[in-house]
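This report concerns only the one structure given below.
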Amino acid sequence: MRLMIERLASCYARPALAAVLVISMLSMAATHAADSDTASPASPGTESSKPPAPQVGLVTNDPKAFQGYNLLAPLNSTQTFLFDMQGRVVRTWQSDCSPALCAYLLNNGHILRGGSIGVEAQVFGPGPGVGGRVQEFSWDGEPVWDFRFYNARQLPHHDLTPLPNGNIVMIVWDRKTADEALAAGRRPELTADSHLLVDSLIEIKPTGPTTGDIVWQWHLWDHVVQDFDKSKPNSGNVAEHPELVNLNYGEDALAPIAATKDGADKLKSVGYVGAAAPPGRPRANPDWTHCNGLAYNADLDQIIVSVHAFSEFWIVDHSTTTAEAASHAGGRSGKGGDLLYRWGNPRAYRAGKKEDQKLFAQHNAHWIGKGLPGEGHVLVFNNGGNRPDGSYSSVDELVLPVDAQGRYVLGPGGGYGPDSPVWSYTAPKKTDFYSFFISGAQRLPSGNTLICSGATGVMFEVTPDKQEVVWKYVNPLKAGMGSPGGFAAPPPPGQIMTSTVRTLLAISPEQAKKLDALQHEVDGRLAKLLTGEQQKQLKTPQAAKMAGFGASFQTGQVLTPGEQSRLKLTDDQKKELAEIQKEIDAKIEPVLTEAQRKQSKIGFAFGGPPPGGAGGPGAPPRLGELLPAPVREGLKLTDEQKRQTDDLQKVADARLEKLLTDDQQKQLNDPKTLGALSPPGQLMSPALQARLKLTSDQKKQLRTLQGEADKKLAEMFTEEQKKQFQQMQANVGGLAGRPGGPPAGPGGPGGRPGGPPGGPNFPSNPVFRLYRFAPDHPGLAGKNLTPGKTIEEMQANEADQTAQTAARSGRVSAAGAHAE
């Protein structure tokens, strides 16, 4: 396998062919990671001309595997699955948003998951693992808590952890402006004119179905040191303060991966790089520390945080008050919020050299729980990119230098031990097991270790001694181009209308041609207006990033005020730009219908009530509405067709009112339910049906009602309207709960416009983490664990339903043609 890859890579004179083949083979190799004992060896001296498709679902299930139930929250899915050792699903939870990023089974049988706030996160710019919501669902799928936390300065991301008292702790970005960073002693070349994202920990106490109080906070910004400028705050000798964090240290571990198109595409597919970013550095990294996981130790009352960009994990004292956590004294440790311990990369605090680095962009550092083999040790997934001896992953178990009081001791050289793990897993051939980002591991009661190779969606269990693979599962959910953060990168500077807005406005093919021509004109005018250096700046990956946090993008706007400032336009250029904008506004106006013009000016209120109240100007499409206003305008319905549509909608509304319970009606009218928006012509998307928990009888009635609506629309539309309507239905796919768009159509939120479905040769949908729970786990007590279908079978059923819907559409067209 490796020989084939090297040969293909050497044939770079044919880059397109080589790239496709190399990615395909790499995906194959990753999918078969850590499974050399179960794979069928190739015949000596032969190589298959056509490698078999990677197997998905259950691959290996040896009797030596620890029996239990697996909790899976795929990155690009709104569903969370609990399945048994045979891959059969015993419980599914349906949410209205993608995860941020994993889910936990609580002792009461509920699940807790971070969730993305979706399009509302656009104000934060592109970034990985964005959250903003915390959701708790009962065993039966009822929403128990749906808490939102975000503002102009703060946004949760990546991970959260439940505490024994029922509170939760989240990782939260604290946004600092460039001026604030420079004033604190940050080097200008590390800051440029960008903001800085500094991590913090926020503890929330639930107080109601949608409310919570902040009861404790820890902010990294209170515990930094710098020796760049003695006149600035935080001045000190970095090497003398390992308890503080060097404000001017940091490496972008994703940069080497994003330097190639293949790597950049993989990062784009799961939101770690903006969808429009070309190969290169992911960002002039404002995401300074990029904390990606945390865990809590109740005995020590300490929190461990995995710090991706530093290749370290840190331990902080949770026994402090918020005031003590902002200081250097107090709490059980007496050190306030200073770091109690750090490990993985002593260079970060100048206590070692590059060869002393032990961790490489790690994830999921946590204490092994009570009663488990290795209790009290730390287990960490060491992703292993750019190690001195090559890129490969390992799972490492560490014994920390800590006494019974939880005090950590520095080594003689000023760095923290240990020198090496007490146990480690790598593949027999190390490079066969490599997940360059996300991922995790869990110690099981049997002593086996469950490993999630997140980038490839491969999960497997190894024994402690012989390290043989006794269970293996490959996530069968197909990857989409949607971001797990659930939001798109800001539009490229100079783009007057994004593909998402075109979809929401139901832009017709004729309108699209006119808009494309206008865009071509804008591009030409900007090329003449801007200097060569300004044009270069405009096209750099930084362009979207710089305008990302707190910027607003208005349909038809050529350059935002922020972009004009960044490009340092002269007064004459600004004057000429104003003339260009005026001309473009005048030309866009007649292209759009009145409804489209009104909607584009007001925007799309997906996060709450629209301007003017529910149903007022600017309201998004109503759930259960067959033909929203922009769709009607796009189809150019006649007055008679509009009357027939209104009559059809009244009948559908009345039938739905009888079909749904009072509680379901309430949910249907809740603006937050818009995450389950249906394509035009569809009364309820599968996601909405799941959210409302329709019974089998309700679904049957809904199918009957949908069939009648399909027939009426077929009789009403002209042949041209039918073709246009089908195109609209396809284009809304990404907004109807699917993570990505169709071929040649706009991607879903976070997707790359025009991107292929399934992403760049991922063998499966990436997985942030996987957890296994023993049959006697308190959360499973008394629960119905009857095994159902596998995820593959569930997908096949959904595919059948999609095919049936498509077939119905075909019959609709035929019926309409016959009627005419």
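Brief remarks follow.
Let's see how each residue does on (1) in contact (Cβ under 8 Å) with a residue 40 or more places away in the chain; (2) farther than 26 Å from residue 438 by Cα:
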site	(1), (2)
138	no, yes
143	yes, yes
146	yes, no
149	yes, no
160	yes, no
166	yes, yes
170	yes, no
174	yes, no
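- On the stretch given as the range 406-447, residues that are of a type in the set (Val, Ile, Thr) and at pLDDT 95 or above total 2.
- Every residue from the range 334-347 that is farther than 22 Å from residue 380 by Cβ and surrounded by 24 or more Cβ atoms within 10 Å (Cβ to Cβ): 337
- Of the listed requirements (1) over 30 Å from residue 213 (Cα atoms); (2) crowded, with 18+ Cβ neighbours inside 10 Å, residue 363 misses just one: (1).
Listed here are the residues, each with its yes/no results for (1) in contact (Cβ under 8 Å) with a residue 12 or more places away in the chain; (2) farther than 21 Å from residue 450 by Cβ; (3) polar (S, T, N, Q).
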{"site": "349", "(1), (2), (3)": "yes, yes, no"}
{"site": "366", "(1), (2), (3)": "yes, no, no"}
{"site": "381", "(1), (2), (3)": "yes, no, no"}
{"site": "393", "(1), (2), (3)": "yes, no, yes"}
{"site": "397", "(1), (2), (3)": "yes, no, no"}
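- Within the range 187-201, the set of residues being closer than 25 Å to residue 317 by Cβ and surrounded by fewer than 21 Cβ atoms within 10 Å (Cβ to Cβ) comprises 200 only.
- Taken over the range 404-453, the criterion of being over 23 Å from residue 347 (Cβ atoms), part of a strand (DSSP E or B) and of a type in the set (A, V, I, L, M, F, W, C) is satisfied by 423, 441, 450, 451, 452.
- Single residue of the range 298-333 satisfying the filter (hydroxyl-bearing (Ser, Thr, Tyr) and in contact (Cβ under 8 Å) with a residue 60 or more places away in the chain) that is surrounded by the fewest Cβ atoms within 10 Å (Cβ to Cβ): 321
For every residue, the table says whether it meets (1) aromatic (Phe, Trp, Tyr); (2) modelled with pLDDT of 75 or more; (3) surrounded by 13 or more Cβ atoms within 10 Å (Cβ to Cβ).
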| residue | (1), (2), (3) |
| --- | --- |
| 507 | no, yes, yes |
| 520 | no, yes, no |
| 526 | no, yes, yes |
| 547 | no, no, yes |
| 557 | no, yes, yes |
| 560 | no, yes, yes |
| 567 | no, yes, yes |
| 575 | no, yes, no |
| 588 | no, yes, yes |
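- Residue 390 being out of contact with any Ser or Thr (no Cβ under 8 Å at 6 or more places or on another chain) and either over 19 Å from residue 314 (Cα atoms) or surrounded by fewer than 17 Cβ atoms within 10 Å (Cβ to Cβ) (or both): no
- Looking across 758, 734, 779, 745, one residue alone is modelled with pLDDT under 50 and over 17 Å from the mean Cα position of the chain (by Cα). It is 745.
- Residues satisfying the stated conditions in the range 409-421, i.e. crowded, with 19+ Cβ neighbours inside 10 Å and either touching a residue at least 60 places away in the same chain (Cβ under 8 Å) or closer than 23 Å to residue 335 by Cβ (or both): 415, 416
- Condition met for residue 164 (modelled with pLDDT under 95, open to solvent by 60 Å² or more (accessible area, probe 1.4 Å) and either over 17 Å from residue 114 (Cα atoms) or hydroxyl-bearing (Ser, Thr, Tyr) (or both)): no
- Condition check for residue 624 on (1) part of a helix (DSSP H, G or I); (2) modelled with pLDDT of 75 or more; (3) open to solvent by less than 70 Å² (accessible area, probe 1.4 Å); (4) not charged (D, E, K, R): one failure, at (1).
- Contact annotation: residue pairs with Cβ atoms under 6 Å, 6 or more positions apart or on different chains, pairing a residue in the range 444-473 that is in contact (Cβ under 8 Å) with a residue 40 or more places away in the chain and within 16 Å of residue 57 (Cβ to Cβ) with a partner that is small (Gly, Ala, Ser) and in a strand (DSSP E or B), are 452/440.
- Pick from the range 382-403, criterion outside any loop (DSSP other than H, G, I, E, B) and at pLDDT 95 or above, ranking: farthest from the chain's Cα centre (by Cα): 398
Condition check ((1) in a loop (DSSP other than H, G, I, E, B); (2) in contact with a His (Cβ under 8 Å, 6 or more places away or on another chain); (3) open to solvent by 10 Å² or more (accessible area, probe 1.4 Å)) across all residues:
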{"position": "146", "(1), (2), (3)": "no, no, yes"}
{"position": "152", "(1), (2), (3)": "yes, no, yes"}
{"position": "158", "(1), (2), (3)": "no, no, no"}
{"position": "179", "(1), (2), (3)": "no, no, yes"}
{"position": "185", "(1), (2), (3)": "yes, no, no"}
{"position": "206", "(1), (2), (3)": "no, no, yes"}
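The values are calculated or read from the model by the stated rules, or taken from the named source; none is laboratory data. As the structure is a computational prediction, the values presented were derived from the model and not from experiment. Heads up, the Cβs are rebuilt from the backbone with ideal geometry, glycines too, and the neighbour counts pull from every protein chain shown. Side chains included, ligands, DNA and RNA excluded: accessible areas come from the protein's heavy atoms. Shrake-Rupley method; radii C 1.70, N 1.55, O 1.52, S 1.80 Å.
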